[in-house]
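The values are calculated or read from the model by the stated rules, or taken from the named source; none is laboratory data. This one's a predicted model, so the numbers in the text were calculated from it and none came from an experiment. Counting neighbours? That spans all protein chains shown, and the Cβs are built from the backbone with ideal geometry, glycine included. All accessible areas refer to the heavy atoms of the entire protein, side chains included, with ligands and DNA or RNA removed. Shrake-Rupley method; radii C 1.70, N 1.55, O 1.52, S 1.80 Å.
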Amino acid sequence: MEPTQVESFAERYLTAFDCRILERAPNRIQAELSVEADQDLVHRPFYWMYVEKMGLSPQTTTLTWVFDGADIPEGVRTELLSYGSPRFNQMLASAQKNGRFVRLYEETPRPVRSGIGSKPYDPWLGVNYHVSYICDMKKDEVLHLGVHLRTGEVAEDFYRRIQHRNWSPRLPAHRHILPPLLPAAEAVGELEYNLQGYIEHQDLSWAREAMERMEQELEQLHAYYPEEWRMSDSLHAEKKQRIRETVWQYHPRVEVEVINAGLFYLDSPPES
């Protein structure tokens, strides 16, 4: 990850967590952290316990980051923020913890006014799924699906189709939200039905081949041990354990995990 990418991520992190940027210069950002960011990035649990117990107004930390180690200004207390550094890892963990669900509004180049004074947004639910095809080998893929909360239309590759738009965490002026006609549970159901259909239409030869390898392993396992009536209790237990391990290792399965999700209010339909 290049320094410019780290710098871009840090700036987006500070904006998303409502931190106050005090100074912005080439290769340097100074910011006063919000309470949430301070608690995630600066390890001082006893201070926060004291503030909460005494009902005091918190004094958050001000940090100054530079992103290129070859260009650190003299006389200024700074911290090098780079990929893999402890602070950067804290930021990643904080973003992952707090960013599993977002609510974003598309920004337009100029203020929008319609004949009635306010233009509506179209509500979409977007979910990123991590799909794993597992046997004694493993294949992973990430699927980005979105569903229109008024029509039920499902859009595949949803993230790619909206990623280049500009977004705001706050509802812009002269805009309003159309109420969803699809309840959240039904919207998620539409996405899961689409996801299930996608998985079922994949090439399943890997699963059949894994089953064949599992049967071969189990045959060898049965051949290795003596007949049942000749085995001791401990040997019986050992064989059962090895059978369970073999089945767990080879039996094909598909696991699906939600990486993150969000409500996206679009000014226009997703790109094709």
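Points worth noting:
- Filter result (over 26 Å from the mean Cα position of the chain (by Cα) and assigned to a helix (DSSP H, G or I)) within the range 188-216: SER205, TRP206, ALA207, ARG208, GLU209, ALA210, MET211, GLU212, ARG213, MET214, GLU215, GLN216
- Tabulated pairs, the range 242-260, first touching a residue at least 40 places away in the same chain (Cβ under 8 Å), second among the basic types (Lys, Arg) and assigned to a helix (DSSP H, G or I), C-beta under 6 angstrom, 6+ apart or interchain: TYR250/ARG213
- When PRO180, PRO172 are checked against the criterion of being in a loop (DSSP other than H, G, I, E, B), open to solvent by less than 80 Å² (accessible area, probe 1.4 Å) and either out of contact with any helix residue (DSSP H, G or I) (no Cβ under 8 Å at 6 or more places or on another chain) or closer than 30 Å to ILE243 by Cβ (or both), a single residue qualifies: PRO172.
- Inter-residue pairs, beta-carbon under 9 Å, first closer than 16 Å to VAL247 by Cα and modelled with pLDDT under 95 and in the range 205-228, second assigned to a helix (DSSP H, G or I) and of a type in the set (Lys, Arg), 6+ apart: LEU221/LYS239; LEU221/ARG242; HIS222/LYS239
- Among the residues of the range 211-230, those identified as open to solvent by less than 80 Å² (accessible area, probe 1.4 Å) and either of a type in the set (Lys, Arg) or in contact with a helix residue (DSSP H, G or I) (Cβ under 7 Å, 6 or more places away or on another chain) (or both) are ARG213, MET214, GLU217, LEU218, LEU221, TYR225.
- When restricted to residues that are among the polar types (S, T, N, Q) and open to solvent by less than 20 Å² (accessible area, probe 1.4 Å), the range 150-169 contains 1.
- Taken together, the residues in the range 77-104 that are within 15 Å of THR15 (Cα to Cα) and either in contact with a Cys (Cβ under 8 Å, 6 or more places away or on another chain) or of a type in the set (Gly, Ala, Ser) (or both) amount to 3.
- The range 96-116, residues that are modelled with pLDDT of 85 or more and open to solvent by less than 40 Å² (accessible area, probe 1.4 Å): TYR105, GLU106
One line per residue, one yes/no per condition, for (1) of a type in the set (A, V, I, L, M); (2) touching a strand residue (DSSP E or B) at 6+ places or on another chain (Cβ under 7 Å); (3) assigned to a loop (DSSP other than H, G, I, E, B):
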| position | (1), (2), (3) |
| --- | --- |
| ILE21 | yes, yes, no |
| ALA37 | yes, no, no |
| PHE46 | no, no, no |
| GLU52 | no, no, no |
| ARG77 | no, yes, yes |
| GLN90 | no, no, no |
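- Residue in the range 75-92 that is farther than 30 Å from ILE259 by Cα, at pLDDT 90 or above and open to solvent by 60 Å² or more (accessible area, probe 1.4 Å) present: no
- Residues considered: GLU36, GLU32, GLU52. Of these, the only one that is under 24 Å from SER168 (Cβ atoms) and open to solvent by 70 Å² or more (accessible area, probe 1.4 Å) is GLU36.
- Cross-chain or 6+ apart pairs with Cβ under 9 Å, the range 117-131 first and modelled with pLDDT under 90 and among the basic types (Lys, Arg), then surrounded by 17 or more Cβ atoms within 10 Å (Cβ to Cβ) and assigned to a strand (DSSP E or B): LYS119/ARG175
- Selection within the range 248-272: residues that are surrounded by 12 or more Cβ atoms within 10 Å (Cβ to Cβ) and among the small types (Gly, Ala, Ser). The member of this set that is nearest to the chain's Cα centre (by Cα) is ALA261.
- Against the criterion of being in contact (Cβ under 8 Å) with a residue 12 or more places away in the chain, assigned to a helix (DSSP H, G or I) and open to solvent by less than 70 Å² (accessible area, probe 1.4 Å), VAL147 does not qualify.
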